[in-house]
Amino acid sequence: MLPNKINQSELLNAIRVPLIYLIILIHTHYNKGAIPEMSQVSDYSFYFLTEWLGGKVLYAAVACFFVLSAYYAYNRVPDEGWSQEYYLKLLSKRIPTLLLPFLIWGLLFIGVVLAKNELFHLLGLSYDVFYGKVNYPSLNVPLWNCANGSLWYVRDLMCQLLISPLYYYLFRYLKHWGLLLLIGYYLTGWVIPFTGFTPMAITFFGIGAYLGLYRHDIPELCWRMRYPSLLILLVLPTMVVLQLVEEPWAGMMIRFCQIFGGTVCIVNLFNWLYSRYATLYNWAVYLAPATFFIYVSNEIYILPWVKGLVARLPLMDTLGMRLLGYFATPAIVMAVCYVWYRLMQRYTPRLLAFATGRTQS
């Protein structure tokens, strides 16, 4: 039986806060050196956990956002079906709320990185890793290619909305066969050579469109899959991290896990937590309006600086402190971004409304 007494819209709103935490945790992942030997228990344990989470499982958090965005777009399709009027209404409501923040935060990131690096260069210091992402004669390249890494989701979501009629007709005529077609495409790992149409965006926006079009209850559906999805989540990424399988099967297993393991387990986990801990749920509801701001602002040197500060803490060569630093970093980043959000909310509310794509009420 479904454990929670929270209705679907309330749950899906509250789940946005932990999703942001998980996405920042992905960006905190930094296993780029040689894989430690298993005999190095401390180093290998840290490698295994962070690779299992940040390198494999947690990308399902980004997928959840595509599912939710599409679900609400297609859940409101009129009973008489898709129409040009509905399509134009959808674009007029959603594209401006995405395009304006995309431009603002993209240009802000480029400006801050250029200003910081030019200043440091004058002081005799070297350019940082972000400089190469924005140092182009034209703004088009760093802007559309998302030098601010968080913005790729916004870019891809706009592209999916532009082709949203295709999803409707795919599922209107093929129904669940259309869904299986999308899942099969995702499992192959084939990438369409057009920026803005990543396999994750296409597939999970499509899954959300199907669920919304046929009015499925997402928490109930996920709860019915709780045992097989948990098994998939625990087994498949573990096999890949332990290198028990090779490509292309390893990539296929991770993509399969993202669909049937990661996204399902994330919804189930926070459904279960929120139903038992009202304080946790209330905090999530309270913080939910700031999630988009936190998502787009954290990479403007906030996350890199926090990672740098945490790495300099005493005893960071011990497993306990490394794990503490790893899991605390996203929380610190969210706290810093939230303070920034509250300051703007108090002193520059109109600017905040533009920066987050919301009109001033």
Q) By Kyte-Doolittle mean hydropathy of at least -1.0 and Cα axial length of at least 24 Å, which whole DSSP H helices of the chain are selected? A) 84-122, 319-347
Q. In deg cm²/dmol, rounded to 500, what helix-only [θ] at 222 nm does the chain give when every DSSP H run of at least 4 residues adds -39500 (n - 2.57) and the total is split over its residues?
A. -22500 deg cm²/dmol
Q: Could you state the accessible area per residue of the stretch 84-138 in Å², with a 1.4 Å probe and every protein chain left in place?
A: 62 Å²
Q. Going out from 0 in 10 Å bins, what whole percent of all Cα-Cα distances in the stretch 26-139 drops into each bin?
A. 10, 21, 23, 26, 15, 5, 1
Q) Quick one: accessible area per residue over the stretch 207-328, 1.4 Å probe, rounded to a whole number of Å²? A) 51 Å²
Q) Which percent of the accessible area of the chain is formed by carbon and sulfur heavy atoms (probe 1.4 angstrom)? A) 67 percent
Q | Label-point separation in nm, THR348 to ASP317, each point 7 Å along Cα→Cβ | A | 4.4 nm
Q.
On a 30 Å Cα-Cα criterion, which of the cross-link pairs LYS56/LYS116; LYS56/LYS133; LYS133/LYS175 come out too long?
A. LYS56/LYS116; LYS133/LYS175
Q: Based solely on C-alpha atoms, express the radius of gyration and the Dmax of the stretch 67-221 in angstrom.
A: 19.2, 66
**Q.** LEU231/LEU49 FRET efficiency (R0 22 Å; Cβ-Cβ; nearest 0.05)
**A.** 0.70
Q) In debye to the nearest 20, how big a dipole does the stretch 297-361 give about its Cα centre with +1 on each Lys and Arg Cβ and -1 on each Asp and Glu Cβ? A) 240 debye
Q. If you average 1/r over all unlike Cα pairs in the stretch 217-361 and invert the result, what Kirkwood radius do you get in angstrom?
A. 18.5 Å
**Q.** About the Cα centre, charge dipole magnitude for the chain (Lys/Arg +1, Asp/Glu -1 at Cβ), debye
**A.** 840 debye
(Q) Suppose the Debye formula is applied to equal point scatterers at every Cα of the stretch 206-253; what is log10 I(q)/I(0) at q = 0.15, 0.24, 0.25 Å⁻¹? (A) -0.58, -0.84, -0.85
**Q.** Unit charges at the beta carbon, dipole of the chain: most positive-side option, MET38, ASN140, ALA288
**A.** ALA288
Q: Quick one: accessible surface of MET321, probe radius 1.4 Å, all protein chains present, in square angstrom to the nearest 10.
A: 50 Å²
Q.
With only alpha-carbon pairs counted, each pair once and no self-pairs, how large is the Kirkwood hydrodynamic radius of the stretch 127-179 in angstroms?
A. 13.5 Å
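The values are calculated or read from the model by the stated rules, or taken from the named source; none is laboratory data. All figures in this text were calculated on a predicted structure; none of them were measured in a lab. In this analysis, Cβ positions are derived from the backbone assuming ideal geometry, glycine residues included, and neighbour counts consider all displayed protein chains. Areas reflect the complete protein model, heavy atoms only, side chains present, ligands, DNA and RNA absent. Shrake-Rupley method; radii C 1.70, N 1.55, O 1.52, S 1.80 Å.
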